[in-house]
Amino acid sequence: MDFLNGITLIANYIIIPGLTYGSQLALGALGITIIYTVLRFSNFAHGEFMSFGTMTSILLTWLFSNLGIKLGIFPTAILVLPIAILITIFYCLIIDKFVFKFYRQQKSKSVITLIVSIGVMFFSGGLIRFIIGPGDKNFFDGERFILKAKTFKALTGLNEGLAIKTTQGVTIILTILLVFLLFWFLNKTKTGKSMRAYSDNQELALLSGINPEKVVLITWIITGTLACVAGTLYGLDKSYKPFTYLHLVLPIFAAAIVGGVGNPVGAIIGGFVIAFSELFITFAYKKIFYYLLPYEIVPNGLLQILSTDYKIAVSFIILVLVLLIKPTGIYKGKVI
Amino acid sequence: MQNKNYILQLFSCMFLMLLLVGFFQSWNLALSIFNLCIISAIMSLGINIQWGNAGIVNFGVMGFAALGGLANVIISMPPTLNAWEEGGILILSGIVTFIISIFCSIYLWKKLNIDKKKKYVITSIIIATSYFLMRYIIDIPILTIESIEPAKTGYLGGFDLPVIISWPIGGLLAALTAYAIGKIALGLRSDYLAIATLGISEIIIYVLKNEDWLSRGVKNVNGLPRPVPYEIELQSKQWVIEIAQFTNVSLPEISSIIVKLSYSFLFIIILIGILILLEIALKSPWGRMMRAIRDNEVSANAMGKNIKKRHLQVFIIGSAIIGIAGAMLTTLDGQFTPVSYQPLRFTFLVWIMVIIGGSGNNFGSIIGGFIIWFFWIQAEPIGLWLIAFITSYVSDSNLIKSHLLENAAHMRLMFMGIILLVTLRFAPKGLIPEVKR
């Protein structure tokens, strides 16, 4: 019984939040990786694209709520997501047309494009704060929990509860769906294959009659979709504040690099590695030891490896370690 | 050939703008913008020597500036004596043990001649055990120290020395950190280096936010000593009263103007000193070598230049300059607030300054620092005015108008983005391009 209690404790505080946060990071990291492989630059504006997507979701949610359209127990944001995705893609394409296209045609160094993306980051950040304001926005509606801690306790008779929030369930399911779609697209369809060819060798792809404009267009469509979904899910799960999305860029970059930049599988693995290590390292193990060990042996203190305040710093520490030990990441990337 | 008249024109335009602020808003505001402009200029000089002259992407400005600020606390605050008695020594010895063990593992890594996997295992075991040993030593003293009058002290305190010493010490602290970071990260490709430095600077900020025994964390250290007299003291001086009567300005205002002027004086000396040193360094064979490495690493390497060492050198110098600027900033503020270190305000804004001013040119960096800081502050009133002007035909009760006016302050981010994008597109060399030597 004690053992089961310990397992439930870990599931409740580490596994489910880790899967959720990991999915959000993985979706973000996928966006960054795809931009990196096809367009060859590190996109610092990705966090703001996510923020933009979330903002459109919020505005549409408000609109739909005013019209009285709801999605039952699920948050309305899921219903408006397709429209929000379209708007985010449109924004990405506009930015590409007016900003990134020029540097692509100039064949600028990737550092220059990186600095350009910082300009885009500033602009988008300003635009978003201008439209929706810098404050905290909570746009979750519908049923709060899929599985309540109380119900779980009553069902199993354990001391520890296991709660699954609706947002967590929605995040995990949507991520699986989206990742499945993406991989199907990249590996099975002709357009996806042409995209991989383009990222592998641009000149050769041009010679084989692949239209670069089309590849770029599809890249932005994928990026916009991923950014909007990742941002909205993150915003639903925590709460939306334009400021936090700037700080989300680094964990996302960490995820992409840890997994191996340029490798979609790596990006997903990296997202989960970052999320789980953040939780594992800052979790207070005291209670688990009480369940697993005799009461007397357990030492005083919270038994944390690092205090919870360092949660986000863990991702940076892992990033630095990976860059030190294996800069290519877990999966050696470059080809999609 | 550099057009000296052009540079002079740019600088006089800048001063004219500051004078206009002085005449139309207030002299206090103009002077405080001016002081921060100088600090920004010094920070962008630090980035300029790294990016403009050596091609190193350093996104860690925020961390180095914060270390400069930490130097202020360590140097100038009075020591908390009972904290030292309670366990200051223990904490220091714990940390020293950890650092020694890291050096040991680096030494072993280099010396041991065995399989790489075994090496990883050995070093990670050493570091992990020493980490837990350190935690075992320092956890309890930290709790006791933090509980000593937490509202007032709760930290180790400093050395109670004149605050001006903290400026070079801040540079030194930043330089030491830059040495460690450079050893780790300088081998990376440019965009990885950018992300790595950004990540490390975030780690530094997290440490400063959470290690209360060191600098009180988010509780901030207030009331740092000043290198210049206090307003209250000035107000009782005869000559200040006479000036106030002569210029017909109120006594508090004139005293605060005098304080700000004396800060400006100190800052200008530092700025000019750093500028002269940098100009000499970059005109010397050393500077030519740096630019050669920047333009073509392979051929510079073939000419026998040690690229890794030069990069490390220039990384340390630039970071030290940023550290000095960070220390000056904290002295000017009079308080050390770790929360105020944001990548947007520090790292990225300083980068915009360098790019706008003209990377590779010191004068460009200075004018970039002045212009960007000026607009960063003034974008708010300009944005408000712009929106009020555009919507002047709309009635005041209009919801959209009030929403726009409310959020007009955030136009500054948009301004900065647009300025950066336009510069990169149409004048990628910046306002004052690099001199062809």
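Here are some notes:
- For chain B, the membrane-span-like helices by this rule, meaning whole DSSP H stretches whose C-alpha atoms cover at least 24 Å of axis and whose Kyte-Doolittle mean is -0.5 or above, are B:4-24, B:27-47, B:89-111, B:116-146, B:166-185, B:190-210, B:251-283, B:307-333, B:362-390; this says nothing about an actual membrane.
- Sorted peptide list for A:184-193, B:227-236, A:247-256, B:326-335, criterion being average Cβ within 10 angstrom, highest first: A:247-256, B:326-335, B:227-236, A:184-193
- Calculated FRET efficiency for the pair A:Asn66/B:Ala388, C-beta based, R₀ 45 Å, to 0.05: 0.95
- Inter-centroid distance (Cα atoms) of region B:176-231 relative to region B:96-112, Å: 23 Å
- Proximal aspartates and glutamates relative to B:Lys309, as straight alpha-carbon distance under 19 Å, when same-chain residues fewer than 8 apart are discounted: B:Asp295, B:Glu297
- Expected 222 nm ellipticity per residue - DSSP helices of 4 or more, -39500 (n - 2.57), all of chain A, to 500: -23500 deg cm²/dmol
- Of A:Lys109/A:Lys214; A:Lys332/B:Lys116; A:Lys193/B:Lys183, pairs whose Cα-Cα distance is over 30 Å: A:Lys193/B:Lys183
- Equivalent-ellipsoid semi-axes of region B:80-156, from the Cα gyration tensor, Å, largest first: 35, 10, 7
- Calculated P(r) of the protein assembly as shown - Cα pairs past 54 Å, %: 12 percent
- Listed by chain and number, the aspartates and glutamates placed with their C-alpha closer than 15 angstrom to that of B:Lys219 are A:Asp309, B:Glu146, B:Glu149, B:Glu211; residues fewer than eight positions away on the same chain are left out.
- Hz values of 3J(HN,Hα) by residue in region B:147-155 - Karplus curve (6.51, -1.76, 1.60), Gly and Pro given as x: 8, 7, 6, x, 6, 10, 10, x, 8
- Choice from B:Trp109, B:Trp84, B:Trp51 showing the highest fluctuation, given a GNM over chain B with Cα pairs closer than 10 Å: B:Trp109
- Max mean-square fluctuation residue, GNM over chain B, Cα-Cα springs under 10 Å, options B:Ala175, B:Ala128, B:Ala185: B:Ala128
- The ranking of B:Ser262, B:Ser147, A:Ser124 from fewest to most other beta carbons within 10 Å of each one's beta carbon is B:Ser147, B:Ser262, A:Ser124.
- Under a 5 Å amide H cut-off, with hydrogens placed 1.01 Å from N, A:Lys165 pairs with A:Ile146 among residues at least 5 apart or on other chains.
- Distant-in-sequence amide H partners of A:Leu71 (H built 1.01 Å from N, under 5 Å): A:Thr76
- A straight Cα-to-Cα reach below 20 Å connects B:Lys260 with the lysines B:Lys237, residues fewer than 8 places away in its own chain not being considered.
- Exposure proxy ranking, count of Cβ atoms within 10 Å, fewest first, for A:Cys92, A:Cys228: A:Cys92, A:Cys228
- Proximity of backbone amide H atoms, modeled 1.01 Å from N, is registered between B:Val221 and B:Phe336 at under 5 Å, excluding neighbours fewer than 5 places apart on the same chain.
- Comparing mean-square fluctuations of B:Leu133, B:Leu271, B:Leu45 from a GNM of chain B with C-alpha springs under 10 Å, the top value falls on B:Leu133.
Every number here is computed from the coordinates shown, using simple stated rules; none is lab data. If you're wondering where the values come from, they're calculated on a predicted model, not measured in any experiment. Here Cβ is always computed from backbone atoms with ideal geometry, including for glycine, and neighbour counts include all displayed protein chains.
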